[in-house]
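Just below is one structure, and these are the notes that go with it.
The values are calculated or read from the model by the stated rules, or taken from the named source; none is laboratory data. Just so it is clear, the structure is predicted and the values come from calculations on it, not from any experiment. Quick reminder, even Gly has a Cβ in these numbers, built from the backbone with ideal geometry, and neighbours come from all protein chains shown.
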Amino acid sequence: MSTDQRRRLGAEGEALAAAWYLANGYQPVATNWRCRDGEIDLIVRRARLFVFCEVKTRSSAAFGSPVEAVTRTKQMRLRRLAARWLQDECPVHPSALRFDVVSILAGQVEVIEGAF
């Protein structure tokens with residue numbers, strides 16, 4: 001798969017994830033938020049609950065399920081990025097935080113709430 005195809009697949013997965021959250025009562029806050037330390041795929045909120053989402057999209061399970069790609073190292077990076085976003089960008093003081101993994105395999109969306 002070429003880099004362009006991979007990028008397109010990732011963007012499609014992130015759009016599916018955002019649509020799932022919207023359909024389930026969440027408001028989008030940021031997509032592909034970047035700083036020098038990395039990127040958060042999707043940030044959504046419901047009232048003062050903020051959810052930081054790692055979206056993993058695969059076209060097949062040939063290399064394992066998408067959720068398996070979210071390693072402990074990736075989890076720790078996402079936590080650090082979330083802390084930075086909260087410090088630099090958060091519009092209100094959150095009452096709760098959650099870290100989700102959105103696994104998209106062949107177009108099927110599975111949201112693992114509170115994954116880590």
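Considering only segment 14-37, state which residues are in contact with a helix residue (DSSP H, G or I) (Cβ under 8 Å, 6 or more places away or on another chain) and surrounded by 11 or more Cβ atoms within 10 Å (Cβ to Cβ).
Those that are in contact with a helix residue (DSSP H, G or I) (Cβ under 8 Å, 6 or more places away or on another chain) and surrounded by 11 or more Cβ atoms within 10 Å (Cβ to Cβ): 28, 30, 31, 32, 33, 35.
Over 19 Å from residue 7 (Cβ atoms) and in contact with a Phe, Trp or Tyr (Cβ under 9 Å, 6 or more places away or on another chain): is that true of residue 83 in this structure? No; evaluated as a whole, the condition is false for this residue. Note on segment 38-71: residues that are surrounded by 13 or more Cβ atoms within 10 Å (Cβ to Cβ) and aromatic (Phe, Trp, Tyr) amount to 2.
Yes or no: residue 25 in a loop (DSSP other than H, G, I, E, B) and either under 20 Å from residue 94 (Cα atoms) or modelled with pLDDT of 95 or more (or both)? Criteria met by residue 25. Residue-level check: of (1) under 14 Å from residue 109 (Cβ atoms); (2) at pLDDT below 95, residue 5 misses just (1). Is there a residue being in a strand (DSSP E or B) and acidic (Asp, Glu) anywhere in segment 49-59? Checked segment 49-59: at least one residue is in a strand (DSSP E or B) and acidic (Asp, Glu). Of the residues making up segment 92-112, those that are assigned to a loop (DSSP other than H, G, I, E, B), under 19 Å from residue 45 (Cβ atoms) and either of a type outside the set (A, V, I, L, M) or at pLDDT 95 or above (or both) are 93, 94, 95.
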